[in-house]
Amino acid sequence: MKTLALFLLFVGNFMYSQQEFPAVNVKSIDGETITTSSFNEKDKLYVFSFWATWCAPCIQELEAISEVYEDWKTQLNVEIIAVATDDSRTQKRVKPLVNGKGWSYTILLDSNQDLKRKLSIANIPYLVVVKNNQIVFVQNGHTPGAEEELLAKLKSL
C-alpha cells in the first residue's frame with residue numbers, strides 16, 4: 001500500500017511539474033476579490049491548501065501545519081494559503097472556524113470552485129506548492145505526521 005501511495009505521489013508530482021498555476025479570481029475571508037496571480041514573489045514557496053469546513057482530514061492537516069508554521073517561516077520563504085472550497089451553504093462557517101482555530105494563514109474562498117476545477121482537484125485535502133508561478137509539487141490526502149515530509153520536500157525545492 002505504501003508503494004502505491006509513493007507511486008501515486010510521484011505520478012502526481014510528475015504530472016504537475018512545471019505547470020503554470022492558473023490565474024483565478026477568488027475572495028478573501030473579508031470579501032475582497034483577489035487574483036491568484038498576485039502570489040508571485042520571486043523564489044517564494046506558496047502552499048495552497050484546499051480544504052472545507054466539513055472535511056475533518058483537511059482541518060487536521062491545517063492544524064498540524066499551524067503548529068509548525070512559525071518555525072517553517074524561519075527556515076524558508078514560504079506562505080500557506082488555505083483555500084476554502086465550501087459552497088454558498090457552508091461558506092458562512094469558514095470565518096468563525098478560522099477565528100476559533102487562530103490560524104495565521106491567508107484564507108481564500110473558492111466558493112464557486114473555479115480554482116479547484118482549473119486544477120482538476122477531485123478530493124480534498126489537497127496541497128499545491130507553487131514557486132515562480134509554476135506548480136512544483138502536489139499532495140493529495142493527509143496522514144498524521146505528513147507535515148514533516150512536506151517540510152523536507154519544501155526544503156528541496
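The values are calculated or read from the model by the stated rules, or taken from the named source; none is laboratory data. Quantities reported herein were computed from a predicted structural model and do not represent experimental measurements. With ideal geometry, Cβ positions are generated from the backbone for all residues, glycine too; neighbour counts draw on all protein chains shown. Heavy atoms of the whole protein, side chains included, go into the accessibility calculation; ligands, DNA and RNA do not. Shrake-Rupley method; radii C 1.70, N 1.55, O 1.52, S 1.80 Å.
With all protein chains present, how much of the accessible area of segment 6-135 (probe radius 1.4 Å) comes from carbon and sulfur, to the nearest whole percent? Each step should come with its number before you reach the end.
On the way: 3310 of 6550 Å².
Using a 1.4 Å probe with all protein chains present, segment 6-135 comes out at 50 percent carbon and sulfur.
Taking every DSSP beta bridge that has both residues in the chain, what percent is antiparallel when rounded to the nearest 5? Here the antiparallel bridges make up roughly 65 percent for the chain. Paramagnetic label reach from GLU70 (point 7 Å along Cα→Cβ; backbone nitrogen cut-off under 18 Å): within segment 83-112, residues 99-106.
Select one label from (i) 13, 47, 32, 7, 0; (ii) 10, 43, 38, 8, 0; (iii) 10, 35, 30, 20, 5, 0: the one whose number is P(r) over Cα pairs in 10 Å bins from 0, in percent as derived from the coordinates shown. Label (ii) holds the value from this structure.
Database remark: amide H of LEU108 closer than 5 angstrom to the amide H of ALA82, VAL83, ALA84 (H placed geometrically; neighbours at sequence offset of 5 or more, or on other chains; Pro and chain starts carry no H). Each Lys and Arg adds +1 at its Cβ and each Asp and Glu adds -1 at its Cβ; summed about the Cα centre, the chain shows a dipole of about 320 debye.
A simple packing score, the average count of other Cβ atoms within 10 Å per residue, orders the peptides 28-41, 112-125 as 112-125, 28-41, with the highest score first.
Counting only protein heavy atoms and a 1.4 Å probe, segment 64-157 has 48 square angstrom of accessible area per residue.
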